[in-house]
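Each remark here refers to the structure printed beneath this line.
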Amino acid sequence: MKIVVCIKQVPDTKGGVQFNPDGTLNRAAMLAIMNPDDKAGLEAALQLKDQYGAEVTVITMGLPKATDVLMEALAMGADKAILITDRVLGGADTWATSSTIAAGIRNLDYDLIITGRQAIDGDTAQVGPQISEHLDIPVISYVQDIKIDGDYVIVQRQYDDRYHVLKAKMPCLITALGELAEPRYMTPAGIVDAVNAEITVWGRADLKDLDDANIGLAGSPTKIAKASDKVRKGAGEKVELDPKEAVAYLMGKLDEKHAI
Amino acid sequence: MNIQDYKGVYIFAEQVDGKLSGIAFELLGKANVLAKDLGTDVTAVVIGYEIKDLADQLAEYGADKVIVIDDPELKDYRTEPYAHALASAINEFKPEIMLVGATPIGRDLGPRVSARVATGLTADCTQLDIGDFPLNPIPGKEQKHNQLLMTRPAFGGNTIATIACPDNRPQMATVRPGVMQRQEKVEGAKAEVIEYNPGFTPNDKYVEILDIVKSVGEAVDIMDAKILVSGGRGLGGPENFQILRDLADALGGEVACSRAVVDAGWMPKDMQVGQTGKTVRPQIYVACGISGAIQHLAGMEESDLIIAINKDETAPIFDAADYGLVGDLFKIVPELTEAIKEYKAAKK
């Protein structure tokens, strides 16, 4: 079985969020990490490899420094790593990104494609389903459990108040929830292997069956009209009193505002 | 693609088990505002099996037209038949705007459909307006009018971007539930009902549903609550949520929680507030033992009044709170519950 896992390097918005003195986001001070949902998807792929035997290829699109997350994936146990990078691919929205990654995946043999449900920088959850559409294969999003049954995957697909148990014929694409699998740590041997492994780098010329009209900033149907750091409502009053006084203070405020 | 051919504001009226989801009414509310600005009308597309009777309800909440796609293949949500239904409707009826809820269904359906009809899609919008793109004229560049301007948070709620889709139609957005206001119900309102069926031929993309497992218990939707008492990691364990329930009962509200609590397995996922949970905007939000990660704030900061109780005076939740009480929640919360009860008794 051949599994392709799509991963993304993202700034760590979780816990490590840093602010400038003026309240705006300090991106430079934030760590770049493997997107958590993607990492859960990679772990699921590695568990399938352990269980059934599989070749796991990780693929990412980004700047050359995204090699870091590919190295991490190799050290966790992935077999091959591919970086898609080219200036003409920059500034892509989800349509252009998914068109590009789908073109990269067409260069590979695959039975199963796994992406994270969403990345913590854009939070769109769109690229996975859009890749599946470009490749004309089934997609199952929000997957919390996966098993293999011959040519089929059997997965649990999460909704608000239920989950569906679905059976889909491979090749297919699933998007992984964080709870799909708890990522393993890199092993010392894995790190040695990763350092020695070769990362395949593809530029625009390596992507066949991809229209120039569908790549990069120019090929993105959505355009940013305005972007700004969120201005948050300022802090209100904060008191540190003993419990009785604190409650009396709060009740006074609630009464003043006719809040209850 | 001739952009002039695309007219009208359309919404995907999500239904589950033959019951319309709240987001359908919220989208109708916003669609009516947009349609008024554009001088056009509002169409709801409802997809399912044996769901024709939902058209009247959609009409009462603001649909001028309802396209009903009713087929046995559409009984329970599956990506492919639903994507085929909605994409076919888009190609047939040519809407200029197509709104979909940013729900676990819409966030799967939206991207698949947008890729199929080759247009842009903006995810998880929290604000929609009609305006110019670019916002201000740029010499040598055409400024297009009457564009859908889609505003959404990114970077876990740290940044806000406004996005347009000037050259493709429809302009598609998924919209975060709990943000848009539904409009007043008009009893007895009727819509023009159009029955449409593009034909469904199962193939490998029609995945098989082996089982549907519904979660039992809490039927309360925290998005509907006027008052929420929400607990975080500071509660220490699921057994300690009883004091929050007592406070919620005294206030006439419901209990919610942060992601940490769900991850720890203390509370079910449907009670989670935040970026990966639900967006709530109650009249009062009481955050107890919640540190206030940016992802949590993104789900509750539009609440009318925010009260934070936390023993760590540097917790970021205090930066979002109207009133912050630094101290031990296990002492303050029961005290507050009693004070609320007395206050209410005195008012009667």
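Using alpha-carbon pairs under 8 Å, 6+ residues apart, how would you state the relative contact order of chain B in percent?
Relative contact order, chain B: 14 percent.
Express in % the proportion of alpha carbon pairs of region A:149-260 at distances exceeding 18 Å.
For region A:149-260, the fraction of Cα-Cα distances above 18 Å is 81 percent.
How big is region B:169-248 along each principal axis, measuring the range of its Cα positions in Å and listing the largest first?
That gives 54, 41, 29 Å along the principal axes, largest extent first.
Summing -39500 (n - 2.57) over the DSSP H runs of n ≥ 4 in the protein assembly as shown and dividing by its residue number, what mean residue ellipticity at 222 nm do you reach, to the nearest 500 deg cm²/dmol?
That comes out to -8500 deg cm²/dmol.
Taking every Cα atom in the protein assembly as shown, find the radius of gyration and the maximum pairwise distance Dmax, and write them in Å.
Rg and Dmax of the protein assembly as shown, Cα atoms, are 24.6, 77 Å.
Which lysines have a Cα less than 22 Å from the Cα of A:Lys230, not counting those fewer than 8 places away in the same chain?
Straight-line reach from A:Lys230, under 22 Å: A:Lys14, B:Lys278.
Only bridges whose two residues both fall in the protein assembly as shown count here: according to DSSP, what percent of them are antiparallel, nearest 5?
35 percent
Over the whole of A:153-165, what's the average partner chain Cβ count within 10 Å per residue? Rounded to a whole number, please.
6
Just the number, please: percent antiparallel of the DSSP beta bridges in region B:3-195, rounded to the nearest 5.
Antiparallel bridges: around 35 percent, rounded to the nearest 5.
Take the alpha carbon gyration tensor of region B:280-336, find the square roots of its eigenvalues, order them as a ≥ b ≥ c, and report rounded if a/c is under 1.5; if not, report prolate when a/b exceeds b/c, else oblate.
In terms of gyration-tensor shape, oblate.
Which is farthest toward the positive dipole end of chain B among B:Gly106, B:Thr126, B:Phe12, measuring Cα position about the Cα centre, with Cβ charges +1 (Lys, Arg) and -1 (Asp, Glu)?
B:Thr126
Taking the Cα centre as origin and putting +1 on Lys and Arg beta-carbons and -1 on Asp and Glu beta-carbons, what dipole magnitude results for the protein assembly as shown, to the nearest 20 debye?
The dipole magnitude comes to about 760 debye.
Rounded, prolate or oblate: which fits region B:3-195 when a ≥ b ≥ c are the square roots of the eigenvalues of the alpha-carbon gyration tensor, with rounded for a/c under 1.5 and prolate only if a/b beats b/c?
prolate
Can you pull the mean other chain C-beta count within 10 Å for peptide B:315-326?
6
Just to be sure I understand the model, the point goes 7 Å from the Cα along the line to the Cβ. What's the resulting B:Gln283 to B:Glu92 distance in nm?
Placing both labels 7 Å along Cα→Cβ, they lie 4.5 nm apart.
Can you tell me how much longer the chain between A:Ala205 and A:Tyr249 gets when fully stretched, taken as 0.36 nm per residue apart minus their C-alpha distance, in nm with one decimal?
Extending this stretch completely gives an extra 9.1 nm.
At 4 °C and 1.567 mPa s, what whole-number value in µm²/s does Stokes-Einstein give for the translational diffusion of region B:100-176, with Rh from the Kirkwood sum over Cα pairs?
Value of D from the Cα-based Kirkwood radius: 99 µm²/s.
Take the Cα radius of gyration of chain B and divide it by 2.2 N^0.38 Å, with N its residue count; two decimals is plenty.
So chain B has a normalised radius of gyration of 1.10.
Which whole number gives the average, over all residues in B:123-130, of C-beta atoms from other chains lying within 10 Å of the residue C-beta?
Other-chain Cβ atoms within 10 Å of each residue's Cβ, averaged: 2.
How would region A:2-214 be classified by its alpha-carbon gyration tensor: rounded, prolate or oblate, with rounded meaning a/c under 1.5 and the a/b versus b/c comparison settling the rest?
Rounded.
Give me the percent of DSSP beta bridges within region A:2-214 that run antiparallel, rounded to the nearest 5.
40 percent
Of B:Pro139, B:Ser258, B:Val286, which is farthest along the charge dipole of chain B in the positive direction, counting Lys and Arg as +1 and Asp and Glu as -1 at C-beta?
Toward the positive end, the furthest listed residue is B:Pro139.
A short reminder: the numbers here are calculations on the coordinates, not readings from a lab. What you see is a predicted model; the values in this text were computed from it and never measured. All Cβ positions, even for glycine, are placed from backbone atoms using ideal geometry, and neighbour counts span all protein chains on display.
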